Amino acid sequence: MKVDVLLGLQWGDEGKGKVVDVLTPRYDVITRFQGGPNAGHTLEFNNIKHVLHTIPSGIFRDDKINVIGNGVVIDPSIFKKEIDSLLKLGFDLKKTLFISKKAHLILPTHRLLDAASEAAKGDAKIGSTLKGIGPAYRDKIGRDGLRVGDILSNFEEKYKARVKQHTDLLTKYYHFDYEAALSDYEKAWFEGIEMIKQFQLIDSEFFINKQLEAGKSVIAEGAQGTMLDIDFGSYPFVTSSNTITAGACTGLGVAPNNIGKVLGIFKAYCTRVGSGPFPTELNDATGQHLRDVGNEYGSTTGRPRRCGWLDLVALKYAIMIDGVTELIMMKADVLDDFDSIQVCTKYKINGQLTEEFPYELEGQVEPIYESLPGWNKTLTGVTKEVDFPAELKNYIKFIETKLNVPISIVSVGPNRSQTIER
Ligand code: GDP
Ligand code: IMO
Ligand code: MG
């Protein structure tokens, strides 16, 4: 068996949580491979609306194993909050959720360093979710990180050494007043550490490869999106992990030849939260309409998401980097009220037309649009492809032809049931 990968092709929030939940019945094991509590994955079913941050989106289905892989960064206090709120809903994950010993910990001081770094950047800030993601990955790559497995021996000592390094940085470099906030965070954080100890801490690379050998099916759930990838996204306005398909290999310990299908998710339009270039952004009534109808407010931070038309130049780039084999189009219903819909098919840069995503986006990119007829009908309630309005069929065909990858699922609402397979 191979690992199928499901990932966002835009700037995050494409609807990954919803689709992983929908596809979970077909898999035995559901894994997260990168990112951390900067992610907010929303699921809706049976009148439950739930947002997951660190935990894979397979947990609401019976008989499934969920794994937090080595590439993930975990904030124990946020993890505990998630576990506690799931317990209230009647979901006890102690037997079904496994955590890699090699996953890195986000320390309370990582969150403070994130805040200090963003404050120091002023107008040039990344617009981070302030969950400590950048500083935690920086320590991982700098070989200064603490891992989940470290909890099991001499942990206090290791923790204190790290915190000393961080508080020195906070006072001496950032002149950041941290003490009150740190003691606030630490209490919940150590309670979270105790919670993590109650879970099965595993060598997830062996675990997952053995599952594959035993014929079990595995899906890897991406966080963020390809345009936020540390190498290929709109750097420096990106997150600090590899959000692309290759990230599933390093974030789980799965060899490239063990990757199966790559399911790439995109919204029928585009959104971005946080700073950074966004060629098709609409700072007008149409952008506001997309925000209102799509309820485009961040699942993790509540910030309004920036909205714009679908960008096929960026999508094509993402498909190339990720090796996408199937596309999944989300939130088609948000485009219900348009007479015409614009799709960006080229960029004009310094007078030259291109279909290639450039090194630098800032300032100089003019999106070139093709206009398609809107369907002007409500899709909510549509359950079969035959009932799609002709204009929606045309929109799908246009995208498939431009991208040369089939769209296998179309989503027309936030609920599990509002998902149409083709
Ligand atoms: P993720 O981070 O990729 O899992 O996506 P988020 O959960 O952050 O954001 C997607 C939002 O869109 C959530 O509020 C979902 O409930 C909602 N959503 C998902 N699919 C659809 C859809 O087809 N139509 C509409 N209207 N909302 C959707
Ligand atoms: P999901 O998994 C959308 C954005 C932040 C910021 C940049 C860096 O729900 O799709 P970070 O906290 O990682 O240092 O922030 O990345 N960002 C996301 N945007 N969806 C996400 O996750 C995101 N995770 C981070 O807004 O611009
Ligand atoms: Mg999200």
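The values are calculated or read from the model by the stated rules, or taken from the named source; none is laboratory data. The structure presented is a predicted model; accordingly, all values stated were derived computationally and were not measured. Here Cβ is always computed from backbone atoms with ideal geometry, including for glycine, and neighbour counts include all displayed protein chains.
Only one of Gln200, Gln211 is modelled with pLDDT of 95 or more, more than 23 Å from Ser240 (Cβ to Cβ), among the polar types (S, T, N, Q) and in contact with a Phe, Trp or Tyr (Cβ under 8 Å, 6 or more places away or on another chain). Can you tell me which? Being modelled with pLDDT of 95 or more, more than 23 Å from Ser240 (Cβ to Cβ), among the polar types (S, T, N, Q) and in contact with a Phe, Trp or Tyr (Cβ under 8 Å, 6 or more places away or on another chain) holds for just one of Gln200, Gln211, which is Gln200.
Which of the following residues is within 27 Å of the chain's Cα centre (by Cα) and not in a helix (DSSP H, G or I): Leu201, Leu212? Checking each option against the conditions leaves just Leu201. Highlighted here are the strands (runs of 3 or more DSSP E) found entirely within segment 354-422 that include at least 3 residues which are aliphatic (A, V, I, L, M): 365-373, 407-411.
Tell me, yes or no, whether segment 98-113 has at least one residue that is more than 16 Å from ligand 3 (Cβ to nearest atom), in a loop (DSSP other than H, G, I, E, B), more than 23 Å from Asn295 (Cβ to Cβ) and among the β-branched types (Val, Ile, Thr).
Scanning segment 98-113, I find at least one residue that is more than 16 Å from ligand 3 (Cβ to nearest atom), in a loop (DSSP other than H, G, I, E, B), more than 23 Å from Asn295 (Cβ to Cβ) and among the β-branched types (Val, Ile, Thr), so the answer is yes.
Determine whether Asp333 is out of contact with any strand residue (DSSP E or B) (no Cβ under 7 Å at 6 or more places or on another chain), farther than 21 Å from Val365 by Cβ and either among the aromatic types (Phe, Trp, Tyr) or more than 16 Å from ligand 2 (Cβ to nearest atom) (or both). Spelling it out, Asp333 is indeed out of contact with any strand residue (DSSP E or B) (no Cβ under 7 Å at 6 or more places or on another chain), farther than 21 Å from Val365 by Cβ and either among the aromatic types (Phe, Trp, Tyr) or more than 16 Å from ligand 2 (Cβ to nearest atom) (or both). Looking only at segment 31-60, residues that are among the aromatic types (Phe, Trp, Tyr) and more than 11 Å from the chain's Cα centre (by Cα) come to 2 in all.
Residues in segment 315-327 that are part of a strand (DSSP E or B) and either of a type in the set (D, E, K, R) or closer than 19 Å to Glu296 by Cα (or both): Glu326 only. Selection within segment 370-422: residues that are touching a Ser or Thr at 6+ places or on another chain (Cβ under 7 Å) and hydroxyl-bearing (Ser, Thr, Tyr). The member of this set that is nearest to ligand 1 (Cβ to nearest atom) is Ser411.
Scanning segment 143-158 for residues that are over 22 Å from the mean Cα position of the chain (by Cα) and either within 16 Å of ligand 1 (Cβ to nearest atom) or of a type in the set (D, E, K, R) (or both) yields Arg143, Asp144, Asp150, Glu156, Glu157, Lys158. Scanning segment 260-282 for residues that are away from ligand 1 (no atom under 14 Å from the Cβ), more than 15 Å from Ile319 (Cβ to Cβ) and in contact with a strand residue (DSSP E or B) (Cβ under 6 Å, 6 or more places away or on another chain) turns up Gly260, Phe278, Pro279, Thr280, Glu281, Leu282.
Pairing residues of segment 267-284 that are within 17 Å of Gly298 (Cα to Cα) and more than 16 Å from ligand 3 (Cβ to nearest atom) with residues that are in a strand (DSSP E or B) and not acidic (Asp, Glu), at Cβ distances under 6 Å and at least 6 apart in sequence or on separate chains, gives Phe278/Arg272; Phe278/Arg306; Glu281/Arg306; Glu281/Gly308. Within segment 310-341, the residues that satisfy the criterion of being over 23 Å from the mean Cα position of the chain (by Cα) and either buried (at least 21 other Cβ atoms within 10 Å of the Cβ) or within 30 Å of Val20 (Cβ to Cβ) (or both) are Asp336, Asp337, Phe338, Ile341.
Scanning segment 215-256 for residues that are in a loop (DSSP other than H, G, I, E, B), touching a Ser or Thr at 6+ places or on another chain (Cβ under 7 Å) and β-branched (Val, Ile, Thr) returns Ile230, Thr243, Ile244. If only residues of segment 123-139 that are over 22 Å from Trp189 (Cβ atoms) and surrounded by 14 or more Cβ atoms within 10 Å (Cβ to Cβ) are counted, the one that is farthest from ligand 3 (Cβ to nearest atom) is Lys125. When the residues of segment 291-314 are narrowed to those that are away from ligand 3 (no atom under 16 Å from the Cβ) and assigned to a helix (DSSP H, G or I), which ends up farthest from Val51 (Cα to Cα)? That would be Val313.
Consider Glu82 carefully, then state whether it is part of a loop (DSSP other than H, G, I, E, B), under 23 Å from Ile133 (Cα atoms) and at pLDDT 95 or above. Against the criterion (part of a loop (DSSP other than H, G, I, E, B), under 23 Å from Ile133 (Cα atoms) and at pLDDT 95 or above), Glu82 does not qualify. Residues of segment 290-304 that are surrounded by fewer than 23 Cβ atoms within 10 Å (Cβ to Cβ) and not polar (S, T, N, Q): Arg291, Asp292, Val293, Gly294, Tyr297, Gly298, Gly302, Arg303, Pro304. For segment 18-30, the criterion of being acidic (Asp, Glu), near ligand 2 (Cβ under 10 Å from one of its atoms) and either assigned to a loop (DSSP other than H, G, I, E, B) or within 10 Å of the chain's Cα centre (by Cα) (or both) is satisfied by no residue at all.
For every residue, the table says whether it meets (1) surrounded by fewer than 19 Cβ atoms within 10 Å (Cβ to Cβ); (2) of a type in the set (Asp, Glu); (3) under 22 Å from the mean Cα position of the chain (by Cα).
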site	(1), (2), (3)
Asp62	yes, yes, no
Ile65	no, no, yes
Gly69	no, no, yes
Leu93	yes, no, yes
Thr109	no, no, no
Leu112	no, no, no
Lys121	yes, no, no
Ile141	yes, no, yes
